[in-house]
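Below is one structure, written out as structure tokens; comments come after it.
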Amino acid sequence: MGVSALVLAAGEATRFGGPKQALLLPAVLERLARSPVDEIVVVEGAYELEVPSDTARVVRCAGWAAGPGGSLRCGLAALGPEVEAAVVVLADGPHLAPEAVERVLEVWRASGGIVAASYAGARGHPLVLGRDDWGDIPDGGLHKRRARLVPCDDLGSPGDVDTRGDLGGVR
């Protein structure tokens, strides 16, 4: 059984004013490295990203401008046949808790389907989907797909850095 983490890092980051992925990705990768995944795949698009090859594999997505669903489709297509599930996280969530990845994976293993972390009752990341749910992903992503929510409030939200003002203590 294989589990791959997909880090969606393909966007243009127009509200941020530049490639925020380059700044935030190291924190996300460090946290994923402490989680129970077998592989980390970074999906790049608008910007070419420098990622150490011993940390993650980079997949270039020509269709990144279609939206998050386009980036997700690229990432899923790059996974090998041994991968049973993908843990989806965003490159702009630098406070991702490795324990949240573990928690959503436990629920996925027990029940299947699409499983997502929730914070204050709102759906967030990480999100896990098994191979059976990889088809027919709309350009807008999986926001409208039903998901089993796993409360992760005690772990803290991964964050959502959209503007430079959202950086706070992120380095």
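The values are calculated or read from the model by the stated rules, or taken from the named source; none is laboratory data. Nothing here was measured: the structure is a model prediction, and the numbers come from that model. Backbone-built Cβ (ideal geometry, glycine too); neighbour counts: all protein chains shown.
Every residue in region 48-71 that is within 21 Å of Val37 (Cβ to Cβ) and in contact with a Ser or Thr (Cβ under 8 Å, 6 or more places away or on another chain), please.
Residue satisfying the conditions is Cys61 alone.
Out of Glu102, Glu50, Glu84, Glu44, which single residue is touching a residue at least 24 places away in the same chain (Cβ under 8 Å) and in contact with a Gly (Cβ under 9 Å, 6 or more places away or on another chain)? I'd like the intermediate steps shown before the answer.
Working: Glu102 fails: in contact with a Gly (Cβ under 9 Å, 6 or more places away or on another chain); Glu50 fails: in contact with a Gly (Cβ under 9 Å, 6 or more places away or on another chain); Glu44 fails: in contact with a Gly (Cβ under 9 Å, 6 or more places away or on another chain).
The conditions single out Glu84.
Can you tell me which residue in region 2-29 is modelled with the lowest pLDDT, limited to those that are of a type in the set (S, T, N, Q) and within 23 Å of Ala100 (Cβ to Cβ)?
The extreme case among them is Gln21.
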